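My questions will all concern the structure given below.
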Amino acid sequence: MNVYTELLKGLGNLGAEHRREIYDDLRAALNLDKDEPMMPLPASELAVWSRRCAEILAEVLARRQGTRVVADVAMLEARYLEYGKPPSDAFLDSQLALGAAVRSAGLSGLYIHAVLNPVALVSARRAAREVLPPALAALVEDRYPAVMMLRHALCQEGALGTAAMERDPHRG
């Protein structure tokens, strides 16, 4: 089986071994180690940055009907704190599951890509400049785009997989 051909059917439809192969390839492409934090910030700085990111992002998301459902500071802060975790296979699998939950909550993939992604990039950089020392702000500016896009891509993949299951009349 060619795992990349099978991937077209959805990452969630692959077994753990094949998902691991994809995850290894994604981590290599993004220069991530599965055992090191995605954002290697000290815990106190990660907490301050996460809180500020969540505040900025929630304010912007609350303005749009299509993103209002995720404009919750506490929920967003918890998601930012997850950048202190390594991108292990289990963590990446959890992002697939998050996609199904986000879809069920009413956030469209269109809004993930067209609004949430660009706003998150700007918010993370702005928050880093506001609350972190320059060296750590530079780390965020360097690493955050790749790890954020990885998480959001997996979330979208999970949402699409859920949508496909809902359309398939042969699934139980």
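Looking only at segment 23-33, filter to residues that are out of contact with any helix residue (DSSP H, G or I) (no Cβ under 6 Å at 6 or more places or on another chain) and not acidic (Asp, Glu); which one of those is surrounded by the fewest Cβ atoms within 10 Å (Cβ to Cβ)? Before the answer, list the steps.
Step one: list which residues in segment 23-33 are out of contact with any helix residue (DSSP H, G or I) (no Cβ under 6 Å at 6 or more places or on another chain), which gives 24-29, 31-33.
Checking the rest, the ones that are also not acidic (Asp, Glu) come to 26-29, 31-32.
Numbers: 26: 16, 27: 18, 28: 10, 29: 10, 31: 8, 32: 19.
Out of the qualifying residues, it is 31.
While we're here: So which residues in segment 95-116 are crowded, with 17+ Cβ neighbours inside 10 Å and in a helix (DSSP H, G or I), if there are any at all?
Within segment 95-116, 95, 96, 98, 99, 100, 102, 103, 109, 111, 112, 115, 116 qualify.
Here's another thing I want to ask about it. Based on this model, can you work out whether residue 57 counts as surrounded by fewer than 18 Cβ atoms within 10 Å (Cβ to Cβ) and out of contact with any Gly (no Cβ under 9 Å at 6 or more places or on another chain)?
On the way: surrounded by fewer than 18 Cβ atoms within 10 Å (Cβ to Cβ): no; out of contact with any Gly (no Cβ under 9 Å at 6 or more places or on another chain): yes.
Here the answer is no, as residue 57 does not meet what is asked.
Something else about it: Of (1) crowded, with 17+ Cβ neighbours inside 10 Å; (2) closer than 24 Å to residue 42 by Cβ, residue 70 satisfies all except one. Which?
Of (1) crowded, with 17+ Cβ neighbours inside 10 Å; (2) closer than 24 Å to residue 42 by Cβ, only one is false for residue 70: (2).
Of the numbered conditions (1) loosely packed, with under 14 Cβ neighbours inside 10 Å; (2) of a type outside the set (Asp, Glu); (3) in contact with a Phe, Trp or Tyr (Cβ under 9 Å, 6 or more places away or on another chain), residue 135 satisfies every one except a single condition; which is it?
Among (1) loosely packed, with under 14 Cβ neighbours inside 10 Å; (2) of a type outside the set (Asp, Glu); (3) in contact with a Phe, Trp or Tyr (Cβ under 9 Å, 6 or more places away or on another chain), the lone unmet condition for residue 135 is (3).
So which residues in segment 19-66 are among the basic types (Lys, Arg) and within 16 Å of residue 85 (Cα to Cα)?
Here is the first cut: in segment 19-66, the residues among the basic types (Lys, Arg) are 19-20, 27, 34, 51-52, 63-64.
Those that are among the basic types (Lys, Arg) and within 16 Å of residue 85 (Cα to Cα): 27, 34.
Right, here's the next one. On the basis of being loosely packed, with under 15 Cβ neighbours inside 10 Å and closer than 24 Å to residue 63 by Cα, does residue 127 make the cut?
On the way: loosely packed, with under 15 Cβ neighbours inside 10 Å: no; closer than 24 Å to residue 63 by Cα: yes.
So residue 127 does not fit the description; no.
Table: residues versus (1) under 17 Å from residue 120 (Cα atoms); (2) in contact with a strand residue (DSSP E or B) (Cβ under 9 Å, 6 or more places away or on another chain); (3) small (Gly, Ala, Ser).
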{"residue": "38", "(1), (2), (3)": "yes, no, no"}
{"residue": "44", "(1), (2), (3)": "no, no, yes"}
{"residue": "67", "(1), (2), (3)": "yes, no, no"}
{"residue": "103", "(1), (2), (3)": "no, no, no"}
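Scan segment 21-80 residue by residue and report those that are assigned to a helix (DSSP H, G or I) and among the basic types (Lys, Arg). Full working, then the answer.
Quick first cut of segment 21-80, residues assigned to a helix (DSSP H, G or I) only: 21-29, 43-61, 68-70, 73-80.
Hits for segment 21-80 are 27, 51, 52, 68, 79.
I've got another one for you. Any chance you could count how many residues in segment 154-172 are in a helix (DSSP H, G or I) and at pLDDT below 90?
13
May I pose another question? Filter segment 8-18 for residues that are part of a helix (DSSP H, G or I) and in contact with a helix residue (DSSP H, G or I) (Cβ under 6 Å, 6 or more places away or on another chain) and give the result. It would help to see each step written out before you state the result.
Quick first cut of segment 8-18, residues part of a helix (DSSP H, G or I) only: 8-9, 11-13, 16-18.
Matches in segment 8-18: 11, 12, 18.
Which residue, of 88, 108, 104, is of a type in the set (S, T, N, Q), at pLDDT 90 or above and more than 10 Å from the chain's Cα centre (by Cα)? Give the steps one after another, and end with the answer.
Working: 108 fails: at pLDDT 90 or above; 104 fails: at pLDDT 90 or above.
Being of a type in the set (S, T, N, Q), at pLDDT 90 or above and more than 10 Å from the chain's Cα centre (by Cα) holds for just one of 88, 108, 104, which is 88.
I need every pair where a residue in segment 52-68 that is over 21 Å from residue 137 (Cα atoms) and free of Cβ contacts under 8 Å to residues at least 40 places away in the same chain has its Cβ under 6 Å from the Cβ of a residue that is small (Gly, Ala, Ser) and outside any helix (DSSP H, G or I), sequence separation at least 6 or different chains.
Close Cβ pairs satisfying both conditions: 62/71; 68/62.
The values are calculated or read from the model by the stated rules, or taken from the named source; none is laboratory data. Keep in mind that what you see is a predicted model, and the values were worked out from it rather than measured. Because the Cβ atoms are built from the backbone with ideal geometry, glycine has one as well, and the counts that use them run over all protein chains shown.
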